[in-house]
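As structure tokens, the structure follows; a few thoughts come after it.
The values are calculated or read from the model by the stated rules, or taken from the named source; none is laboratory data. This one's a predicted model, so the numbers in the text were calculated from it and none came from an experiment. FYI the Cβ positions are ideal-geometry reconstructions off the backbone, even for glycines, and counts take in every protein chain you see. Accessible surface is based on the protein model in full, side chains and every heavy atom, while ligands, DNA and RNA are left aside. Shrake-Rupley method; radii C 1.70, N 1.55, O 1.52, S 1.80 Å.
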Amino acid sequence: MPKATASSRQGNKISVLIADDHAMILEMFDHFLSNLPEFEVRTAPDLDAALSIIDEHGAFDLVLVDLQMPGMNGVGGLKKALDRNEGRPTALLTSDPTAQVISEILQMGGSGVILKTTSLKNLANEMRFMAAGGRYVPVELLDPHMMKSRGTAQSPLSTREMDVLALLAEGRPNREIAEELSLAEATVKMHVKSICTKLGANNRTQAVIVAQDKNYI
């Protein structure tokens, strides 16, 4: 009898396993995808937990693993997840991949890269494409000039924006940030918008995630 998979137990739903040590990104992705009728989502805080979930539930239609989380040891962790997922679509979740990383994951049979800064609308489409067997790399990562510059710059944020970002990372609302920094709440909103723009983030949560990945905070 063939081994059961996570997808075979969920009917026609796309079974997805997302592993990341950032609780915020797991919560954000889980909340968004769980509200889409075609997705069945599980999450894990590190690679070992993800591998255990695959062992318990069978192969998933798509597995996403964070490049920087515990247990990964670079792209070697993706290879472990790919093998454990029986060769089914397995991709990297990150915000700052190098050209070498992209080349290595594609050579080993990975399904590509999903950026943490991608819009939630694009996220669903990218995941559908990968789960169907496609290989996906964001077009901005294919530009050699952009690849050369990624990860080499210091924080583009001003000192005040860094102050606001640090409080965003603590989960503070705009009102509390304004009180802490003796600013008008409208000024805080302006800084938050500027932070998101400079970091290429769609919202304050993604801004914090990107900043943490780039070691700005």
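For region 163-180, which positions are surrounded by 15 or more Cβ atoms within 10 Å (Cβ to Cβ) and either on the phi > 0 side of the Ramachandran plot or hydrophobic (A, V, I, L, M, F, W, C) (or both)?
Passing the criteria: 164, 165, 166, 167, 168, 169, 177, 178.
Taking region 64-79, which residues are over 18 Å from residue 43 (Cβ atoms) and out of contact with any Asp or Glu (no Cβ under 6 Å at 6 or more places or on another chain)?
Correct list: 73, 74, 76, 79.
Test residue 9 against the criterion of being closer than 18 Å to residue 131 by Cβ, open to solvent by 60 Å² or more (accessible area, probe 1.4 Å), at pLDDT 95 or above and out of contact with any Ser or Thr (no Cβ under 6 Å at 6 or more places or on another chain), and give yes or no.
No.
Filter region 159-184 for residues that are part of a helix (DSSP H, G or I) and polar (S, T, N, Q); which is farthest from residue 96 (Cα to Cα)?
Once the filter is applied, the top-ranked residue is 174.
Filter region 197-212 down to residues that are open to solvent by less than 30 Å² (accessible area, probe 1.4 Å) and part of a helix (DSSP H, G or I) and give me whichever is farthest from residue 155 (Cα to Cα).
Checked region 197-212; the qualifying residue farthest from residue 155 (Cα to Cα) is 206.
Here is a yes/no grid of residues against (1) at pLDDT below 85; (2) assigned to a loop (DSSP other than H, G, I, E, B); (3) surrounded by fewer than 20 Cβ atoms within 10 Å (Cβ to Cβ):
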position: 134; (1), (2), (3): no, yes, yes
position: 147; (1), (2), (3): yes, no, yes
position: 186; (1), (2), (3): no, no, yes
position: 195; (1), (2), (3): no, no, no
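Considering region 97-114 alone, what residues qualify as being within 20 Å of residue 61 (Cβ to Cβ) and not β-branched (Val, Ile, Thr)?
Answer for region 97-114, where residues must be within 20 Å of residue 61 (Cβ to Cβ) and not β-branched (Val, Ile, Thr): 106, 108, 109, 110, 111, 112.
Where in region 1-120 are there helices (runs of 4 or more DSSP H), lying fully within it, with 3 or more residues that are more than 29 Å from residue 199 (Cβ to Cβ)?
The helices (runs of 4 or more DSSP H) meeting that bar are 47-57, 76-84.
Does any residue in region 14-33 that is open to solvent by 50 Å² or more (accessible area, probe 1.4 Å) come within less than 7 Å, Cβ to Cβ, of a residue that is at pLDDT below 90 and β-branched (Val, Ile, Thr) six or more places away or on a different chain, and which pairs are these?
Listed pairs, sorted by first residue: 24/205; 24/208; 24/209.
If you take the residues of region 47-98 that are charged (D, E, K, R) and under 25 Å from residue 119 (Cβ atoms), which of them is surrounded by the most Cβ atoms within 10 Å (Cβ to Cβ)?
66
Which one of these does residue 103 not meet: (1) surrounded by 14 or more Cβ atoms within 10 Å (Cβ to Cβ); (2) more than 12 Å from the chain's Cα centre (by Cα); (3) on the phi < 0 side of the Ramachandran plot?
(1)
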